[in-house]
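Contents: one structure, followed by commentary.
The values are calculated or read from the model by the stated rules, or taken from the named source; none is laboratory data. As the structure is a prediction and not an experimental result, all values here were calculated from the model. Neighbour counts are summed over all protein chains in view; Cβ atoms, including those assigned to glycine, are modelled from backbone coordinates with ideal geometry. Surface areas here come from the heavy atoms of the whole protein model, side chains and all, with no ligands, DNA or RNA. Shrake-Rupley method; radii C 1.70, N 1.55, O 1.52, S 1.80 Å.
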Amino acid sequence: MPDSVRLTLTENTIVGLFCIQRYRFLTIDQFARSSGLHRITSAKKLRLFEEQGFLGHFGNTGVRGYGKTPKAYFLTRKGWELLSSESAIPQELLGGCKEVKVEAAWSPQMYHRLRTVDLLIALECAVANRPHLSIVKTFLEYRRVKRGDRIVPETTDYVDTTESPENKIIPDAAFVLENRESKRRALYFLEMDMATERITSSYTSANQTVLHQKFSHYDRYLKSFRYTNTYQEYGEFRAFTMLFVTLNETRIENVRAELQDLEESLSDYYRLTTFEKALGDFLGAIWKSRSITDVSVYPLVRET
């Protein structure tokens, strides 16, 4: 390997490349936040790695009505081999090489996916500031896995024993946190709301999901305990927390107001906050419960 390339593999760079591997792709800003490097430094490093064949990219193209799309970098097989051989990341944590197939320069859902990744990078940074915590596993809607003879989103599950379309649930993301000291683990599901879905509707077509129905589905999921089997490889979970992130406080209060007819006893299994606050300290005391009468804000974890 050329010395000029080897010299760029600092600890910060390795962390950034690992996050590309974990989340499939990162923009320059996301790489900068995850690695702790300045944006200009990050841009130069990513460009160098792409020139050497360790990275590819998609995006960075003009879309009418949106302007230029972000440039997202992904690891090539050569890049994965570099990270595998030149870092001390355990193979079970690094995972195998998953080549990104660039079927189109850009797609509308990429904006939603990038926001979801922004939140997960914020989680990475929050965990890095809390040495007693670790991220055991992340799951993403846009990663595909084989189950039986079907290829499905990684987060796909059913809210009941009957595996029917109406019982299907596909969270935007999920993750498992562990307290290194107590060895206790917790399961979280993440929903990034772009304020494009109605909160309630008198009519819901098969292709339209309103937020009230989504929260109701999660209530059924909680009570069915189906997730205990789906995620049993990563711990014994007697419950989970659903995290709902949206763009502003008004949207949060409107959602809470319209969910009052759902079971009050399940409100504490839900946490809601804004995108801006989540980027600040994802695990901090920024989260509201689902109950409209609860005026408190809560952290996601206990500090030690």
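Looking only at residues of region 12-36 that are within 17 Å of G56 (Cα to Cα) and not in a helix (DSSP H, G or I), we find that the one that is farthest from the chain's Cα centre (by Cα) is T27. Here the condition is being over 19 Å from the mean Cα position of the chain (by Cα), closer than 24 Å to V245 by Cα and of a type outside the set (K, R); of T69, T41, T61, it holds for T69 alone. If you check R150 against the conditions, is it in contact with a Gly (Cβ under 6 Å, 6 or more places away or on another chain) and surrounded by fewer than 18 Cβ atoms within 10 Å (Cβ to Cβ)? No: the conditions fail for R150. Of the numbered criteria (1) assigned to a loop (DSSP other than H, G, I, E, B); (2) within 22 Å of R33 (Cα to Cα), the one K277 fails is (1). For T10, only one of the following conditions fails: (1) of a type in the set (S, T, Y); (2) modelled with pLDDT under 90; (3) open to solvent by 30 Å² or more (accessible area, probe 1.4 Å). What is its number? (2) is the only condition that T10 fails.
Matching residues to (1) touching a helix residue (DSSP H, G or I) at 6+ places or on another chain (Cβ under 9 Å); (2) at pLDDT below 90:
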site	(1), (2)
S42	yes, no
E51	no, no
F54	yes, no
N60	no, yes
G67	no, yes
F74	yes, no
A104	no, yes
I121	yes, no
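Against the conditions (1) loosely packed, with under 14 Cβ neighbours inside 10 Å; (2) within 21 Å of the chain's Cα centre (by Cα); (3) closer than 24 Å to Y221 by Cβ, W287 satisfies every one except (1).
Give the residue that is nearest to G67 (Cα to Cα), with candidates limited to residues of region 112-131 that are open to solvent by 70 Å² or more (accessible area, probe 1.4 Å) and of a type outside the set (G, A, S). Among residues in region 112-131 that are open to solvent by 70 Å² or more (accessible area, probe 1.4 Å) and of a type outside the set (G, A, S), the one nearest to G67 (Cα to Cα) is R115. Contact map, region 177-197: first residue surrounded by fewer than 17 Cβ atoms within 10 Å (Cβ to Cβ), second residue part of a strand (DSSP E or B), Cβ cut-off under 7 Å, separation 6 or more or different chains; pairs are N179/L133; R180/L133; R180/S134; A195/T246.
Every condition in (1) free of Cβ contacts under 8 Å to residues at least 40 places away in the same chain; (2) open to solvent by less than 60 Å² (accessible area, probe 1.4 Å); (3) out of contact with any Pro (no Cβ under 7 Å at 6 or more places or on another chain) is met by L94 except one, and the failing one is (1).
A residue that is at negative phi, of a type in the set (A, V, I, L, M, F, W, C), in contact with an Asp or Glu (Cβ under 7 Å, 6 or more places away or on another chain) and modelled with pLDDT of 95 or more occurs somewhere in region 265-288. Screening D268 against (1) within 17 Å of H217 (Cα to Cα); (2) part of a loop (DSSP other than H, G, I, E, B) leaves a single unmet condition, (2). Of all residues in region 121-179, those being within 28 Å of Y111 (Cβ to Cβ) and of a type in the set (G, A, S) number 5. The criterion of being assigned to a loop (DSSP other than H, G, I, E, B) and of a type in the set (K, R) holds for R130. Within region 37-46, the only residue that satisfies the criterion of being in a loop (DSSP other than H, G, I, E, B) and in contact (Cβ under 8 Å) with a residue 12 or more places away in the chain is L37.
Within region 52-98, can you find the residues that are touching a strand residue (DSSP E or B) at 6+ places or on another chain (Cβ under 9 Å) and part of a loop (DSSP other than H, G, I, E, B)? The answer is F54, N60, T61, T69, P70, T76, C97, K98. Residues in region 99-111 that are in a loop (DSSP other than H, G, I, E, B) and within 20 Å of L247 (Cα to Cα) were compared, and the one that is least open to solvent (accessible area, probe 1.4 Å) is Q109. Can you name the residue in region 240-284 that is among the β-branched types (V, I, T) and closer than 20 Å to D172 by Cα and is also surrounded by the most Cβ atoms within 10 Å (Cβ to Cβ) among such residues? Step by step, filter region 240-284, then rank; the result is V245.
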